[in-house]
Amino acid sequence: MGRYVLRRLLQLVPVFIGTTFLIYFMVWALPGDPLAGKCGDQACPPAFIERMRVEYGLDQPILVQYFSYLGGLLQGDFGQNFRGQDVGTLIANTYPVTIKLAVVALLIQAVIGLTAGVLTGLRPGGFLDNVVLTATLFLVAVPVFVTGYVLQAVLGLRLGLIPPTVPANPGFLDLIVPGYVLGSLSLAYVARLTRTSIAENSRADYVRTATAKGLSRNRVVGVHLTRNSAIPVITFLGADFGSLMGGAIVTEGIFNIRGIGGLIFESIQRLDGVVVTGVVVLLVMVYLLANLLVDVTYALLDPRIRLD
Amino acid sequence: MTDPTTVTSDKPVASPAAAEAAVTRSRSLGADAWYDLRRRPLFIVAATLIGALLVLAAFPQLFTSVDPTVGDLSRARQGPSAEAWFGYDNLGRDVFARTIYGTRVSIVVGVLATTFVVLLGAVMGLIAGFVGGWLDSLLARIADVFFGVPFVLGAIVVLSTFRQSVGQSVIGISGLVIGTIGLLSWPVTMRIMRSAAIAARSQDYVKAARALGAGPWRIIVRHMLPNTIAPVMVYATIALGAFIGAEATLSFLGVGLRDPVVSWGVMISEAQSYLRTSPHLLLFPGGFLVVTVLAFVLLGDAVRDAFDPKGRS
């Protein structure tokens, strides 16, 4: 187990370097001059440009710039953007909201998806099964931004049930509708995955044994069947957490949430490469570590699986 | 399954006539899947929808004689009427004509992005799985790099970087979007293909082919490819729908397709500012988008069930 985790962590190193270099190089190749327009209406004096270029290392070759950035990153320093703001602080200001949104989305997925999956998996082919199957098809087919706009227009503007945009420091309740929008696609997958898993496992020997022992139906389903069937679902949810944060940009835009997606979008338009690289690198690391954690958890939850 | 012919074929063969029927029924996996597919109502519905959309995409001028790019500001944002079934957009362009013409771009982007992903991913996956060793590790790490980058964020960075270098031509703008979607999605097909190739490599038929003196190229193309392509094709069908949705999402964010190109995503992106007063601007392209993605998801579901013998009981 320890060896496995160590090997996976070592495999992360080339991926980390590859990703950071890729993103850094692309942002560096963005057309336009990041120092343009820094002095208002007039053109900047050459002396100022010269000093700024030296200060931000723009006079160095791209590889030198990249390695000095990487060196800072390894010491936990995300660097400064061209307005002199500390990127670490920018991330610290916006990241918590995105995490909160992703957690709400994950909870909604888990609760609705698992319930729908268990109910339909126990009676495949029934009326409820068909309803849920159709519903998941539509959830998969409707793009997130259409769901977002329709819910915002209907619930927020027509019916006035929710505020159409989310306040500056949102609590968990404010984020329920955006969280649903963000998680709607994965919600469908969770429901289908649970349904398949339950339907498969309900024919398993241990379920028959539990029933034969005289356990009540609730206990067989609740304790024996659901717990075992939830293993693939939990791993799906874990892996999804990372992609939810990366995909939150659309939802954040619609509901005006000041999260990490908006930060990236603004930074690209301002050619603030340091911010873009920092945030993408952070998200990639979170994604990779979440996947590693999921694989380890899988082995802990299901002792039949051995990691080596 | 309630199909009576399948039920009889599962039973022990009793009469010579039945034995003969069983012999004629032995088919390849592809033929078997096709036989199964033709009997599924969902597949027929999805295939009909996709067929209709393909006709729309190929011959848009059969369905509307209005030029989708001509605007008349005096009729801006008028609702649906007898002259314009879907109303007019902010610049007074006919939404019906734009929706019909948008089908072509949306479908072409979806199909080409899927082709790109399948070709690149399948080649890399086959090579990685067949050769193994350090090349496999190297390719797997490269795939990890692209796999870890969140799709929307990665796409925004790539599209912004090359936005100016493709200029204003329709082909350039669409090509960039296709390339971006493909670049960020090929690791999925590569992983599917790689695991299928690793499983196939140690099979007897590959060893037999090698023993007969077949070279690596011949083994890969003639023996392994036909046996490993099925899971990739199943993924490709579902991905096609997802890529059409992805194009719309990127265009909606303002980094994907843009104005000289007519696509559903561009229309939805233009509609967002007028949502409260003219919901028809979102409704019609959004509806077409949803139906198209739905059709491909349904098709993918049916194809996956047909190719998965375990699903049949």
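Brief remarks follow.
- Some residue of segment A:91-105 being surrounded by fewer than 17 Cβ atoms within 10 Å (Cβ to Cβ) and closer than 17 Å to A:S267 by Cα: yes
- Which listed residue, of B:A76, B:A84, is surrounded by fewer than 20 Cβ atoms within 10 Å (Cβ to Cβ), over 29 Å from B:G300 (Cβ atoms) and over 26 Å from the mean Cα position of the chain (by Cα): B:A76
- Among (1) within 14 Å of chain A (Cβ to nearest Cβ); (2) over 30 Å from A:V250 (Cα atoms) - the single one B:T249 does not satisfy: (2)
- Complete set of residues in segment B:148-177 that are part of a helix (DSSP H, G or I) and more than 9 Å from every other protein chain (Cβ to nearest Cβ): B:A155, B:L159, B:V166, B:V170, B:I171, B:G172, B:I173, B:S174, B:G175, B:L176, B:V177
- Taking the listed residues A:T147, A:T134, the one that is more than 7 Å from chain B (Cβ to nearest Cβ) and under 25 Å from A:P96 (Cα atoms) is A:T147, with no other qualifying.
- Filter result (within 10 Å of chain B (Cβ to nearest Cβ), crowded, with 24+ Cβ neighbours inside 10 Å and under 17 Å from the mean Cα position of the chain (by Cα)) within segment A:258-297: A:I260, A:G261, A:I264, A:V276, A:T277, A:V279, A:V280, A:L283, A:V284
- Selection status of A:G179, within 14 Å of another protein chain (Cβ to nearest Cβ), within 26 Å of the chain's Cα centre (by Cα), surrounded by 20 or more Cβ atoms within 10 Å (Cβ to Cβ) and closer than 21 Å to A:L263 by Cα: no
- Some residue of segment B:187-199 being basic (K, R) and buried (at least 18 other Cβ atoms within 10 Å of the Cβ): yes
- Number of the condition not met by A:G160 [criteria: (1) part of a helix (DSSP H, G or I); (2) farther than 26 Å from B:V293 by Cβ]: (1)
- Filter pass, A:L30 being within 14 Å of chain B (Cβ to nearest Cβ) and either among the basic types (K, R) or outside any loop (DSSP other than H, G, I, E, B) (or both): no
- When segment A:210-257 is filtered for residues that are in a loop (DSSP other than H, G, I, E, B), in contact (Cβ under 8 Å) with a residue 40 or more places away in the chain and away from chain B (no Cβ under 14 Å), only A:I257 remains.
Every residue, every condition in (1) without any contact (Cβ under 8 Å) to a residue 40 or more places away in the chain; (2) in a helix (DSSP H, G or I), yes or no:
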site: B:L91; (1), (2): yes, no
site: B:Y101; (1), (2): no, yes
site: B:V117; (1), (2): no, yes
site: B:L120; (1), (2): no, yes
site: B:V123; (1), (2): yes, yes
site: B:A128; (1), (2): no, yes
site: B:I142; (1), (2): yes, yes
site: B:V145; (1), (2): yes, yes
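- Looking at A:V140, A:V150, A:V166, A:V154, just one residue is buried (at least 22 other Cβ atoms within 10 Å of the Cβ), of a type outside the set (G, A, S) and closer than 23 Å to A:A116 by Cβ, and that residue is A:V140.
Read the figures in this text as sums done on the coordinates, not as results from a lab. Since this is a predicted model, take the numbers as computed values, not measurements. We place every Cβ from the backbone using ideal geometry, glycine too, and count neighbours over all the protein chains shown.
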